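Q: Sharing a structure with you now.
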Amino acid sequence: MTAIELDSVTKRFEDVTAVDGISLAVEPGEFLVLVGPSGCGKSTTLRMIAGLESVSDGSLEIGGERVNGVEPKDRDVAMVFQNYALFPHMTAERNMTFGADAARDISESELSKRAAEVAEMLGIEDLLDRKPAALSGGERQRVAIGRALVREPSVFLMDEPLSNLDAKLRIQMRTELASLHRRLQTTTVYVTHDQTEAMTLGDRVAVMNDGHAEQVAPPQELYDRPATRFVAEFIGEPAMNVFPVEVHGDSVVHDTGLEVPVSADEMAAQDGIDAADLGVRPEDIGIAPLDDAPAGTCTATAEVTVTEPLGDSLLVHCRLGDETVQVSTTPRATFEPGERVALTVDADRSHLFDRE
Ligand code: ADP
């Protein structure tokens, strides 16, 4: 049985369609991340699972039961919000336990015991008597997570829980969330607009665009085999280069004469169409001075426009015909703006997309 199943779920707010027929199945114990640009419908999807928004169309199941119309408190889910949503007049402990007995029969003393265990797990056992104003951002976030843990729900729902923390703390909490999940194995749906967070936390990642899921896959598969141009350009930093090509026989050709052989599978997917987009990640393009240019196909002449040392690599921006192409190379390479270079595309690691 799937833990959560969305079947063609749609949410309309008057004239806005926030979520447009999304279908998703979350496996028991899975950590599924919803990622995508602002406004693509991530929060609304999560809030429908929580029961905080009604479903306009489609079917939503939790633990095999249809829950369209079921009250949030009857769904056995616990949500962690971006702004923590703590009560200012209550201590950390009370914030964690308050209302946790509403859905189930748990005694006060049992709740206190659970709060103490969870606080220890989160390293906030010395802060239980403090009110939120006396806690740092990271500590407040731990209390908010603690509140969800105390409930021992079958599903955690997290809406950008780390986005109010500074960069260093965000990375630390990200690692803590990952080990917490490894330990508890509770089914989790996690919303973020940050692709690094998505890739590092998710067992699988659903890339959302315009109210639907473009691709749902493990992180490395999204990176290696993006199903659409949208996914290709959203996942990966620096972004994948994408430029227009014509399809000729079993290869594709760019205006500059750059020719890249394409696998039979990719060619079949083109279904006789003669114009497509070729995608190549910056690390899958070789760069060499013109005198060292490798002979043969997959190579074209370009001009360096800007170089950016990134510490562990050098990002070289080049002009290839009308396109700007980014190439990632070794940090000690020396290329100068204005220099003419040979770019060589790794054909096995290039991707063909329908022209949009
Ligand atoms: P995301 O979480 O991906 O940023 P949201 O789910 O918050 O996206 O929003 C998706 C779309 O739905 C946006 O266009 C947003 O403006 C709209 N929307 C969200 N909530 C409401 C609401 N309560 N009323 C009207 N429109 C809304």
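The values are calculated or read from the model by the stated rules, or taken from the named source; none is laboratory data. Note that the structure is predicted; figures quoted are calculated from it, not measured. Cβ atoms come from the backbone with ideal geometry, glycine included; neighbour counts cover every protein chain shown. In case anyone asks, the SASA skips ligands and DNA or RNA and just uses the protein heavy atoms, side chains included. Shrake-Rupley method; radii C 1.70, N 1.55, O 1.52, S 1.80 Å.
Q: Would you point out the residue of segment 150-171, among those that are outside any loop (DSSP other than H, G, I, E, B) and in contact (Cβ under 8 Å) with a residue 60 or more places away in the chain, that is farthest from Ala85 (Cα to Cα)?
A: Top of the filtered list is Val155.
Q: Also: Is there any pair with a first residue in segment 172-200 that is closer than 17 Å to Val80 by Cα and open to solvent by less than 70 Å² (accessible area, probe 1.4 Å) and a second that is within 16 Å of the ligand (Cβ to nearest atom) and of a type in the set (Lys, Arg) whose Cβ atoms are under 9 Å apart and which are 6 or more apart or on different chains, and what are they?
A: Listed pairs, sorted by first residue: Val191/Lys42; Thr192/Lys42.
Q: Kindly indicate whether any position in segment 207-229 is outside the structural domain of His317 (by TED's automatic domain parsing), surrounded by fewer than 19 Cβ atoms within 10 Å (Cβ to Cβ) and at positive phi.
A: Yes, segment 207-229 has at least one match.
Q: Of all the strands (runs of 3 or more DSSP E) wholly in segment 183-266, which have at least 2 residues that are more than 28 Å from Thr344 (Cα to Cα)?
A: So the answer is 187-192, 204-209, 212-217.
Q: Filtering segment 20-40 down to residues that are farther than 17 Å from Phe156 by Cα, touching a His at 6+ places or on another chain (Cβ under 8 Å) and open to solvent by less than 10 Å² (accessible area, probe 1.4 Å), which residue is nearest to the ligand (Cβ to nearest atom)?
A: So, considering only residues that are farther than 17 Å from Phe156 by Cα, touching a His at 6+ places or on another chain (Cβ under 8 Å) and open to solvent by less than 10 Å² (accessible area, probe 1.4 Å), the one nearest to the ligand (Cβ to nearest atom) is Gly36.
Q: Could you pull out the residue among Asp265, Asp346, Asp291 that is farther than 24 Å from Glu214 by Cα and without any contact (Cβ under 8 Å) to a residue 12 or more places away in the chain?
A: Asp291
Q: Okay, moving on. For a quick check of your reading of the model, give me the residue pairs whose first member lies in segment 314-326 and is in the same structural domain as Ala342 (by TED's automatic domain parsing), whose second is among the β-branched types (Val, Ile, Thr) and outside any strand (DSSP E or B), with beta-carbon atoms closer than 8 Å and at least 6 apart or on different chains.
A: Leu314/Thr330; Leu320/Thr256; Gly321/Thr256
Q: For segment 41-79, enumerate the residues that are within 13 Å of the ligand (Cβ to nearest atom), open to solvent by 40 Å² or more (accessible area, probe 1.4 Å) and in contact with an Asp or Glu (Cβ under 8 Å, 6 or more places away or on another chain).
A: Ser43, Arg47
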